[in-house]
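This report refers to the structure that appears directly beneath it.
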Amino acid sequence: MSYPYYTKGSPFVTDNLVLGEGSSKVRTFGVKIESGQNLSKGALIGKVTSTGKYKLSLSAATDGSQVPIYILGDDADATSGDLNCLAYVSGMFNARQVTFGTGHTFESVFAQLQASGITLTQAIKGEV
């Protein structure tokens with residue numbers, strides 16, 4: 001398991017995805033990524049209503065996953081089967097490090113994520 005802020009034997013290290021707490025604390029939640037995907041840390045994911053599994057949120061989906069709710073906390077290679085991993089459910093995040101599925105943009109998801117405790121900001125690398 002990787003830790004977003006700390007690498008063993010080194011000082012405080014940030015990955016430019018997690019910017020801090022914003023209006024709510026940084027919290028994670030265990031999720032099951034649906035098989036057939038290879039997602040990078042920072043992917044915006046939604047929940048498939050019929051299975052309770054998560055996948056990259058695409059605006060044209062009709063299975064429930066079209067509603068983005070979490071940000072993936074680690075790389076997740078689920079190409080050969082479902083995979084348990086962590087997702088961020090609240091905190092402040094750098095939108096430039098978030099992977100938006102087809103049809104989603106910063107503007108289209110900002111208000112909904114903000115209401116659930118995820119704050120996106122368009123930080124510029126070097127300013128964080």
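The values are calculated or read from the model by the stated rules, or taken from the named source; none is laboratory data. Source: prediction; values computed, not measured. Cβ sites come from the backbone with ideal geometry, for glycine too, and all protein chains shown count toward neighbours.
Screening G91, G101, G73 for residues that are small (G, A, S) and without any contact (Cβ under 8 Å) to a residue 60 or more places away in the chain leaves exactly one candidate, G101. May I ask you to verify whether G22 is surrounded by 17 or more Cβ atoms within 10 Å (Cβ to Cβ), on the phi > 0 side of the Ramachandran plot and modelled with pLDDT under 95? In short, yes. For the stretch 29-79, which positions are surrounded by fewer than 18 Cβ atoms within 10 Å (Cβ to Cβ), among the β-branched types (V, I, T) and under 17 Å from Q112 (Cβ atoms)? T49, V67, listed by residue number.
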